[in-house]
Amino acid sequence: MDAVAALNEIAFWLERELAPTFKIQAFRRAAVAIEGLSRDALLSRASDGRLKKMKGIGSRSFEVITQTLEGGVPEYLADLRERSSTPLADSGSGLRAALRGDLHCHSSWSDGGSPVELMVDAARSLGHEYLAMTDHSPNLTVANGLSADRLSSQLELVERINDDGGGGGRFRLLRGIEVDILEDGTLDQSPAILGQLEIVVSSVHSKLRADRRTMTQRMLGGIHDPHTNILGHCTGRLVQGGRGQRPPSDFDAERVFAACADQNVAVEINSRPERQDPPDELIQLALDAGCLFSIDSDAHAPGQLDFLQYGAQRADQNGVPAERIITTWPLDRLLEWASGK
Ligand SMILES: [Zn+2]
Ligand SMILES: [Zn+2]
């Protein structure tokens, strides 16, 4: 087994089970440290002690690398594979199987933990047909949101990855953004840039405690922008996890979902375990309003792309028909829908 692949796979499984970041990064860093070293180079460094002293190599990653050099699957990885053989969610597997891709994720260009290329590798290994790269917009400075220039550079990278075959097969990386809906209801990126994108997820990330009228107007502004395809994590609530809890924002959900249905904006079912957004009762309201849905991972690391299982479980429990979920559609149909606003 290839040592870099083993280290990255370990990180993938750890991300999937929400292990602490420092633990995951130790493996990701080790993978970067030995990238480009041939098997022979690794063998000689392992035998004369240089490998152990290399920057980015800890005792656990050293053990993993040496075990791959001995020709086997490292014990640590074998244990993780064993532990991860049970699905994350205990229902919704039928719907999960119907999902073809993911329209919301982040890379290290904004506040994600890994380069775009590793997100692509993981998406492909999960069998995705596509992944939209949706890093944050400039207003979200805490998340290192992308300026117009940086987004333009990222779009060139997306094109290069697709030109290289996205790692082979029919996989496609889509040009996207998670753009802030600003306080005045406008989107935090120029129409010229938004017009170049295939998927625009519009989300509120600030002043989440605004009064009902203010929040409703703000969201309606975002939904009516002709570029918006998906309304991201609509309530902003947090139900568990390291960032603590946060109540849902207060807004007129009937008006918001009526506008989504009218404007052809899909309501996101955000799969992150700490978000579980929208809550069940709002999924029901959105269903009644005739909305479409998008089950997205909002992954900030490769292993989190597998969170789609949680979103599929919630959609299934709420009786959302597969046909109403845009991420079950063939990519051609999805892109036609997204560009037809
Ligand atoms: Zn967000
Ligand atoms: Zn996001």
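How about segment 4-111: which GluC sites (Glu not before Pro) there lie in a loop by DSSP and see at most 16 other Cβ atoms within 10 Å?
On the way: sites: E9, E15, E17, E35, E63, E70, E75, E82; in loops: E17, E35, E70.
Qualifying residues, ordered by number: E17, E35, E70.
Lys pairs in the chain, Cα-Cα under 29 Å, at least 8 apart or on separate chains: how many? Before the final figure, lay out the partial values.
On the way: K23/K52; K23/K53; K23/K55; K207/K341.
Total qualifying Lys-Lys pairs in the chain comes to 4.
Please compute the alpha carbon radius of gyration of segment 93-340, then divide it by the globular-protein estimate 2.2 N^0.38 Å. Two decimals is fine.
Details: Rg = 16.4 Å, N = 248, 2.2 N^0.38 = 17.9 Å.
For segment 93-340, the normalised Cα radius of gyration is 0.92.
Taking amide H atoms as placed 1.01 Å from N in the peptide plane, the amide H of I325 lies under 5 Å from those of F293, each 5 or more residues away in sequence or on another chain.
Can you tell me the accessible area per residue over segment 138-292, all protein chains present, probe 1.4 angstrom, in square angstrom? It would help to have the intermediate numbers written out before the result.
Working: 6590 Å² over 155 residues.
With the other protein chains kept in place, segment 138-292 gives 43 Å² per residue.
In what order, largest first, do V239, V267 sit by accessible area if the probe radius is 1.4 Å? Spell out each step's value before the answer.
Working: V239 45, V267 0 Å².
Final ranking, largest accessible area leading: V239, V267.
About its Cα centre, the dipole of segment 3-83 is roughly 360 debye, where the only charges are +1 on Lys and Arg Cβ and -1 on Asp and Glu Cβ. Between G290, A315, L155, the Cα set farthest toward the positive side of the dipole of the chain (charges on each charged residue's Cβ, about the Cα centre) is that of L155.
Computed from the Kirkwood radius of its Cα pairs, the Stokes-Einstein diffusion coefficient for segment 170-233 at 37 °C and 0.692 mPa s stands at 271 µm²/s. Helix 148-163 and the longest principal axis of the C-alpha atoms of the chain enclose an angle of approximately 60°.
Amide H contacts of A266: I230, L231, each under 5 Å away and 5 or more positions distant or on a separate chain (H built 1.01 Å from N in the peptide plane; Pro and chain starts excluded). The HN-Hα couplings worked out from phi for segment 111-118 by the Karplus form 6.51 cos²θ - 1.76 cosθ + 1.60 (θ = phi - 60°) are 10, x, x, 9, x, 3, 4, 6 Hz, whole numbers, x standing for Gly and Pro. Using C-alpha pairs below 8 Å separated by at least 6 residues, the relative contact order for the chain is 18 percent. Taking each DSSP H run with n ≥ 4 as -39500 (n - 2.57) and averaging over every residue of the chain yields -13000 deg cm²/dmol at 222 nm. Karplus-based coupling profile of segment 34-43, in residue order and whole Hz: 9, 4, x, 8, 6, 4, 5, 4, 5, 4, with θ = phi - 60° in 6.51 cos²θ - 1.76 cosθ + 1.60 and x standing for Gly or Pro.
W329 contributes an accessible area of around 10 Å² to the protein surface, as traced by a 1.4 Å probe with all chains present.
For a label point 7 angstrom out from the Cα of E70 toward its Cβ, which stretches of segment 37-52 have the backbone nitrogen within less than 14 Å? Only 47 pass the distance filter.
With all protein chains in place and a 1.4 Å probe, the accessible surface of the chain carries 49 percent carbon and sulfur. What the phi angles of segment 251-259 give under the Karplus curve with 6.51, -1.76 and 1.60, with θ = phi - 60°, is a coupling list of 8, 7, 5, 5, 5, 4, 6, 4, 5 Hz, glycine and proline written as x. The trypsin sites (Lys or Arg not before Pro) found in segment 136-243 that occupy coil by DSSP, while having at most 15 further C-beta atoms within 10 Å, are R170, K207, R209, R243.
Per residue, the accessible area of segment 3-83 comes to 53 Å² when a 1.4 Å probe rolls over the protein heavy atoms. Under a 5 Å amide H cut-off, with hydrogens placed 1.01 Å from N, C105 pairs with T134 among residues at least 5 apart or on other chains.
The values are calculated or read from the model by the stated rules, or taken from the named source; none is laboratory data. Note that the structure is predicted; figures quoted are calculated from it, not measured. Note that we place each Cβ from the backbone using ideal geometry, even for glycine, and neighbour counts take in every protein chain shown. Heavy atoms of the whole protein, side chains included, go into the accessibility calculation; ligands, DNA and RNA do not. Shrake-Rupley method; radii C 1.70, N 1.55, O 1.52, S 1.80 Å.
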